[in-house]
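The values are calculated or read from the model by the stated rules, or taken from the named source; none is laboratory data. Small disclaimer: the values here were computed from a predicted structure and weren't measured. Because the Cβ atoms are built from the backbone with ideal geometry, glycine has one as well, and the counts that use them run over all protein chains shown.
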Amino acid sequence: MKTEPDRTGLPDELGVSARLDGGRPLPELTAAVNAVCEEVEDLRARTVVVLRFPPAPVRPREWPGDVSVRDVSRWERAVRRLERLDTVIIAVAEGTCGGPVLDLLLAADFRIGTPDLTLMLPVNDGHFWPGMSLYRLVHHIGLARARRIVLWGTDIPVAEATELGLVDQVSDDLTEAVHAAAVLRGRLSDEETRIRRRLLEEAASAEYDDALGAHLAACDRELRRLRTAQSPAAPRAEAAG
């Protein structure tokens, strides 16, 4: 059983690129996502993760197939691990993508799609798969629009996906789009990215007074980081004077 994703380095050592086939069995996909996480966690330098989803061949849209709830739990933990990385995650989807792609798109920080992209939603016997993509949809696009997607379960073309905020950029030159995104967003890949991501997630449900403490702690951390970054310049400036 193949568990390793197809991984390559990005040009100019900008990050790690992994090709994930949404048609693979759920345990294989879980192992592939965990393998990406392990590689990134072992890196010391700032980097980005680029997840590429090839177009799906003609296959039934049902997902995740004949699996156990333990398999589903492992998958959800792997996706959560991915979105908690101290790195910017860029997702790239093309053609017709189904199965787990929605989960991974929603876990990414920046999403690129081709003009022919169609998101084939995970629907079984007319019912939307009740995984954590439901939770992420509500946080990303709001309850009303998420309800429409979940109850009607229709495929989402790229124009609608962009309007909903599920796709951030549409490009027919994926190589250039990925390179530009990696250069611009790779500078943000560190622990501070994870902290801000968490604050954004909590803002959707936390009361103001409850959120205030976490935001003040983050502000204090940022002020200390800025002072540390500026401190080496001070002695040099005094010496020059």
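One table, with the values for the structure above:
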quantity: Only listed residue being touching a Gly at 6+ places or on another chain (Cβ under 7 Å), surrounded by 14 or more Cβ atoms within 10 Å (Cβ to Cβ), β-branched (Val, Ile, Thr) and modelled with pLDDT of 85 or more, chosen from 88, 79; calculated: 88
quantity: Segments classed as strands (runs of 3 or more DSSP E), wholly inside segment 1-73, with at least 2 members that are in the same structural domain as residue 117 (by TED's automatic domain parsing) and at pLDDT 90 or above; calculated: 15-19, 48-53
quantity: Any chance residue 131 is outside any helix (DSSP H, G or I), in contact with a helix residue (DSSP H, G or I) (Cβ under 7 Å, 6 or more places away or on another chain) and under 20 Å from residue 32 (Cβ atoms); calculated: yes
quantity: Residue check, residue 155 outside the structural domain of residue 221 (by TED's automatic domain parsing), farther than 25 Å from residue 71 by Cα and either among the small types (Gly, Ala, Ser) or surrounded by fewer than 20 Cβ atoms within 10 Å (Cβ to Cβ) (or both); calculated: yes
quantity: Total residues in segment 158-183, condition closer than 13 Å to residue 90 by Cβ and either touching a residue at least 40 places away in the same chain (Cβ under 8 Å) or outside the structural domain of residue 93 (by TED's automatic domain parsing) (or both); calculated: 11
quantity: Which numbered condition residue 150 misses (of (1) of a type outside the set (Asp, Glu); (2) assigned to a helix (DSSP H, G or I); (3) within 30 Å of residue 173 (Cβ to Cβ)); calculated: (3)
quantity: Residues of segment 114-139 satisfying the condition of being under 12 Å from residue 152 (Cα atoms) and of a type in the set (Lys, Arg); calculated: none
quantity: Which numbered condition residue 196 fails, given (1) out of contact with any Asp or Glu (no Cβ under 8 Å at 6 or more places or on another chain); (2) touching a residue at least 40 places away in the same chain (Cβ under 8 Å); (3) surrounded by fewer than 16 Cβ atoms within 10 Å (Cβ to Cβ); calculated: (2)
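Residue-wise test of (1) assigned by TED's automatic domain parsing to the domain that holds residue 52; (2) over 15 Å from residue 51 (Cβ atoms); (3) free of Cβ contacts under 8 Å to residues at least 24 places away in the same chain.
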position: 99; (1), (2), (3): yes, no, no
position: 112; (1), (2), (3): yes, no, no
position: 119; (1), (2), (3): yes, no, no
position: 132; (1), (2), (3): yes, yes, no
position: 147; (1), (2), (3): yes, yes, yes
